[in-house]
Amino acid sequence: MHAAVIGLGTHLPPRLVTNGELAARFDTSDEWITSRTGIRTRHWAEPGTATGDLATEAGLRALKSAGLAPGDIDVVVLATTTPDHPCPATAPDVASRLGLGPVPAYDIAAVCSGFLYALAIGQAQIAAQQAGTVLVIGAETYSTILNPDDRTTSVIFGDGAGAVVLAAREDTDRPGALLGTHLGSDGAHKDLIRIPAGGSRYPTTAYTPEADRYFTMEGPKVFRQAVVRMGESATTLLHRIGWVAEKVDHLVGHQANARILTALAGQLDIPVERTVVNIDRVGNTSAASVPLALAHAARQGRLTPGDRILMTAFGGGLTWGSAALTWPDITPL
Ligand code: ACO
């Protein structure tokens, strides 16, 4: 069996945070943030709102977009860096709140590549005939792990959720077909993106320095890795499925930095006008980034059923991944 995308839903928390608001808090400026990252606004959840809340809303909308009832979903895969609790996983709670019944539900931790990891696993469960439908969600509340004193990370990340419904099909001819995926990792660079404390290697105690409890990123080193790894992964996938770069209609890259998206298009030899960009509105939403960008392009009227879409992402781990899709005849909700 093959997997196809049959529904897409998104959710952003209502609170919009402008560069101006952040410039009033840190030694930064709208000019620096816009020119170095392309970000103008991002959404942050109100205190008390958790990743599972955003994921449930996006999941509900994806089900509606697919025209399915809760009982029609066989598996839930939720990608997140910011689970509701260190234990248990967030996916079972989301499945329960969506009324999906006693279906398998689990989290994937691949940071900003998480959605593409979850998509690949959902596809594999369908190919193995373990599931006929999979709800794949990427959801984050980075606002809860950002160091309020760190201008280098606080200006970049936003909260949000995006979800797709995958369904089994016997062929890949019709729009919506997920034609292939490619995943990779390199743990030798695990320290470039991390929350130092709070795990089994460095449990949090009353003496843990405040800064070690928050998300950290070595931006310039990550920048170079991101362009190279996403480029290599996307190229490998293109070869694997027999697409040439010039036939890619839309490049949906992880929205980490507008300059990375431009460099990536150049590396892949895809005209930069085919790059989907919504980082200006939502910032880097990590595992929610790719489905939010897909929905953004669809709502702009840029996507026609059958268009060839190349998705690629990179994140902490390090991890990276790519996926190829023909755009389905759906309306994102
Ligand atoms: N406002 C003003 N100045 C700042 C800010 C800020 N918010 N942040 C850093 N600066 C300063 C630095 O202190 C530095 O000053 P100095 O030259 O006096 O030392 C200067 O700006 C340049 O800093 P860099 O860190 O070199 O800035 P850079 O141009 O690299 O931009 C950024 C930083 C945006 C983080 C960039 O490196 C980047 O996008 N990296 C890639 C991120 C990425 O790909 N992430 C993907 C995975 S994310 C995940 O998995 C969760």
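The values are calculated or read from the model by the stated rules, or taken from the named source; none is laboratory data. Computed from a predicted structure; not experimentally measured. Here the Cβ is made from the backbone with ideal geometry for all residues, glycine too, and neighbour counts use every protein chain on show. Ligands, DNA and RNA are stripped out before the accessible areas are found, and what is left, the full protein with its side chains, is counted by its heavy atoms. Shrake-Rupley method; radii C 1.70, N 1.55, O 1.52, S 1.80 Å.
Some observations on this one:
- The orientation-averaged projection of the convex hull spanning the C-alpha atoms of the range 2-169 amounts to 9.9 square nanometres.
- Surface exposure of the range 181-331, expressed per residue as accessible area with a 1.4 Å probe, stands at 43 Å².
- Within the range 3-145, DSSP assigns beta bridges of which about 25% are antiparallel (rounded to the nearest 5).
- Entry note, the chain: the mean residue ellipticity at 222 nm calculated from DSSP H runs of n ≥ 4, each adding -39500 (n - 2.57), is -9000 deg cm²/dmol after division by the residues and rounding to the nearest 500.
- Between Thr172 and Glu273, full extension at 0.36 nm per residue minus the direct alpha carbon distance yields a gain of 33.7 nm.
- Residues considered: Thr181, Thr153, Thr208. Largest GNM mean-square fluctuation over the chain, using C-alpha springs under 10 Å, is found at Thr208.
- Dividing the convex hull volume of the alpha carbon atoms of the chain by its residue count gives 126 Å³ per residue.
- Antiparallel DSSP beta bridges within the chain, as percent of all bridges there, nearest 5: 70 percent
- For the chain, the membrane-span-like helices by this rule, meaning whole DSSP H stretches whose C-alpha atoms cover at least 20 Å of axis and whose Kyte-Doolittle mean is -0.5 or above, are 51-66, 219-241; this says nothing about an actual membrane.
- log₁₀ of I(q)/I(0) at q = 0.13, 0.15, 0.18 Å⁻¹ - the range 187-234, Debye sum with one point per alpha carbon: -0.41, -0.51, -0.64
- Expressed as a whole percent, the proportion of Cα-Cα pairs in the range 178-326 lying more than 22 Å apart is 42%.
- Mean Cβ neighbour count within 10 Å, used as a protection proxy, ranking 280-290, 5-15 highest first: 280-290, 5-15
- Its relative contact order, with pairs defined as Cα atoms under 8 Å and 6+ residues apart, puts the chain at 26 percent.
- The range 180-333, relative contact order [Cα under 8 Å, separation at least 6], %: 32 percent
- Compactness of the range 251-333 - radius of gyration and Dmax, Cα, Å: 12.2, 35
- Between the listed residues Gly184, Tyr207, Ile241, the Cα displaced farthest toward the positive end of the dipole of the range 178-326, a dipole computed from Cβ unit charges relative to the Cα centre, is found at Tyr207.
- Apportionment of accessible area to carbon and sulfur, the chain, percent (1.4 Å): 52 percent
- Choice from Leu22, Leu318, Leu60 showing the highest fluctuation, given a GNM over the chain with Cα pairs closer than 10 Å: Leu22
- Sorted largest first by accessible area at a 1.4 angstrom probe radius, with every protein chain in place, the residues Arg174, Arg61 fall in the order Arg174, Arg61.
- Length-normalised contact order of the range 126-211 in % [C-alpha pairs under 8 Å, at least 6 apart]: 26 percent
- Sorting 247-257, 184-194, 142-152, 93-103 by average packing, meaning the other beta carbons within 10 Å per residue, from highest down gives 247-257, 93-103, 142-152, 184-194.
- Of the peptides 269-278, 106-115, the order by per-residue mean of other Cβ atoms within 10 Å, starting with the highest, comes out as 106-115, 269-278.
- Build a GNM of the chain with springs between Cα atoms under 10 Å apart, and of Pro203, Pro92, Pro83 the one that fluctuates most is Pro203.
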